[in-house]
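Computed from the coordinates by the stated procedures, all read-outs in this text should not be read as laboratory data. As the structure is a computational prediction, the values presented were derived from the model and not from experiment. No Cβ is skipped: glycine too gets one built from the backbone with ideal geometry, and neighbour counts run over all protein chains shown.
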Ligand SMILES: Cc1cc2nc3c(=O)[nH]c(=O)nc-3n(C[C@H](O)[C@H](O)[C@H](O)COP(=O)(O)OP(=O)(O)OC[C@H]3O[C@@H](n4cnc5c(N)ncnc54)[C@H](O)[C@@H]3O)c2cc1C
C-alpha cells in the first residue's frame, strides 16, 4: 500500500498522467468529493481518470499521500484510509488495491475528500477560540451582547453570504458548519421552532435509522440516546443543537420568492418573517426544503363529496380521533405502514391499499446485516468511528454499490424467509428492488418504495391490517372505490402517497425556468424504476454546483445531512474567501423533474 501510494504520488508530481493511470486496474474508480474537482464526481476507468487529471492536476497539485492507519487485507483486495493535501486544502480518503493476475496490486477504488481549507481551518481542538478575554480589549461586550448584536444586524444591515431555505436537519447541519467556518449565513424556516419538522409528523413515528448513523456534525448524540429516537425527542435535539451551535435561525419565516441577478451575482429573496416583509441579498441560495417535504397529494374524483376526514400522511394527526372508526390508507411504503400500525393498535379498522410492489426489510436484520459493520456498538468496539464509517461508506462507487448490496439482501431473504413467506401468502406484493439490491439502493435511486419493518408488516401478514390492491377510481360519500369496483368503507382516508422532487421547490420559489435549467434532483441515473438513465455517477444536483449559478440543494437522511454538509460548506467557504473553484464537469441535465 505504502509503495503504491509513493509511486502514485511520484507520477502525480511529474504530471505523468499515463503513469498515474497505469497504476490502476482498467475497471477502476476515483470518487472525488471536492478535493480535486470542486465537485462531487466519480471517474470510472482509465479514460475518465486521465481526463480529470488533464483538467485538474496542475491546479489541484495533490501530494503527501500516506496511509492513516495500517492497511487491511480481504482476499485479493487491500484497503486503507489515506490522508493527502492539495494546493488549497487537506484531505482524507480511502483506497482499495486489487491484486491482478500478473500478481501486481493496482488501484481499484480511490476516494478523495476535502476536509479543510488551508489558512481557513475551523476553530477546533488546538485552534479553539479562547472565549474569555484576558487582558485589555476594546470590545467590552459580553458573548451574549455580541450574539444579540449579530442577530440584530444579520439580514438587515449585514447581508448573509448564504441563505439556507429550510431548517430541518439538513438546513441546521449546514447552518452549524457555516457558523463554525465563519460564513455569514441564515437558516430560515416556516415552522415556529427548529425540530417542528419532526414534531409535526404522525404521533407514532420513531427514526427508522439507528443512532450511530444519525449523529449531527460536531455534537454526537450522548451515550444514552435511544437506538431509534422518537420523533419528538429528535425534534428537541434539533432545537437544542441549533441553540448551542449558534446557528442563525429565523423561525416562523417563509421564503416567498427568489430571483438571481446575473450581473450582480446575488439573489434577491423575499421573506415573510413572522408577518414582517424582509428582503435579503445573499450570494448563494441553498434549498434545504426536504426530499420528503413536498407532499404528493393525489387528485381523485369524489374527494369533494367524501364526508369523512382526508389528508396526506404528512398531515396525519395520529389515531386518537379515529378510535372505533374505519380508515383507508392509500399507499404501502414507510408512512403507510407506520400509520396503519398506530391506527390498528388504537382500535381503528384499517385497510391499506397497495398499488405497486414495496420492498420490506426487518429493522433488526437491516441493523445487523446492512449497517452493523459500520454503524453499531459492535462497529465502535472494533475501532470504527463515525468519520471512518462515513469514509468507508463513501468509498464504494455508486456504479458497483448494488453488487455489494445484493449479497446483503440475499442473506436477509434467507434469514427472514418465514416472514417473507407469510407476507406474500397474505397477498402483499413484495419486491427486492429491480436488481435485488434492496433498500439502500432504492433510497439512493428513487427515495421511495420501501418500508423498514418495525412491526407493521407482521400485522399485514396476519390480516390485522387488511390489504386491498389496485388503483383508486373515486371516492364516494363514505367509501373509497377501487378501479375493480371494490368498495372500502371509510371515515378517514390517508394519502400515504409520498413526496415530490426537490426540483419542485425551485419551481415554486424561483420559477419553472430555473427548475428546468437545473433538472431533476436526486437519483443516480441507474435506469431502474423511477430513476431513468443515463448514468450520472453521483446523486443528481445534490450538494454540488448546479446549472443555475449559486443555487444548491441539500438534504436527505441524517447521515447525508451530516456527511455531505461538509462538502457543501467547504464549497461555499472557498467561494466566500475568494479561492478559485473551477468546477470539473458541471452536472448535465437529462430530465426536467
Ligand atoms: C415519515 C418519515 C420518516 C422518516 N424517517 C427517517 C429516519 O428515520 N431517518 C432519517 O434520517 N430520515 C428519515 N426520513 C427522511 C428524511 O430524512 C426526513 O424527511 C428529514 O426530515 C429530511 O430533512 P431535511 O432537512 O432535508 O428536510 P425537512 O425536515 O423536510 O425540512 C425542510 C424544511 O423546509 C421548510 N420549508 C420548505 N419550504 C419553505 C419556504 N418556502 N420557506 C421557509 N421554509 C420552508 C419546511 O418548513 C421544513 O421545515 C423520514 C421521512 C418521513 C416523511
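Annotations
- Prolate/oblate/rounded call for the chain, Cα gyration tensor, a/c under 1.5 rounded: oblate
- Distance between the range 521-593 and the range 91-138 - C-alpha centres, whole angstrom: 21 Å
- Report note on the peptides 181-192, 571-582, 3-14, 328-339: ranked by the mean count of other C-beta atoms within 10 Å, highest first, their order is 328-339, 181-192, 571-582, 3-14.
- A protection proxy built from the mean count of other Cβ atoms within 10 Å ranks the segments 163-176, 513-526, most packed first, as 163-176, 513-526.
- Cα convex hull of the range 1-45, projected area averaged across orientations, nm²: 3.4 nm²
- Approximate shape of the range 112-183 as ellipsoid semi-axes (Cα gyration tensor, √5λ), whole Å, largest first: 24, 21, 11
- With Cα atoms, 0 to 90° folded angle of helix 398-415 axis to the chain main axis: 40 degrees
- Nearest-ten-degree value, helix 45-60 long axis tilted from longest Cα axis of the chain: 60 degrees
- Expressed as a fraction of 2.2 N^0.38 Å, the value expected for a compact globular protein of N residues, the C-alpha radius of gyration of the range 439-593 is 1.37.
- For the range 2-117, the percent of C-alpha pairs falling in each 10 Å distance bin, counted from 0 to the bin holding the largest distance, reads 15, 52, 30, 3, 0.
- The range 309-495: radius of gyration and largest Cα-Cα distance (Dmax), Å: 18.5, 60
- Think of it as helices only: each DSSP H run of n ≥ 4 in the chain is worth -39500 (n - 2.57), and spread over all residues that comes to -9000 deg cm²/dmol at 222 nm.
- Pairwise centroid distance, computed over Cα atoms, of the range 29-61 with the range 346-397, Å: 31 Å
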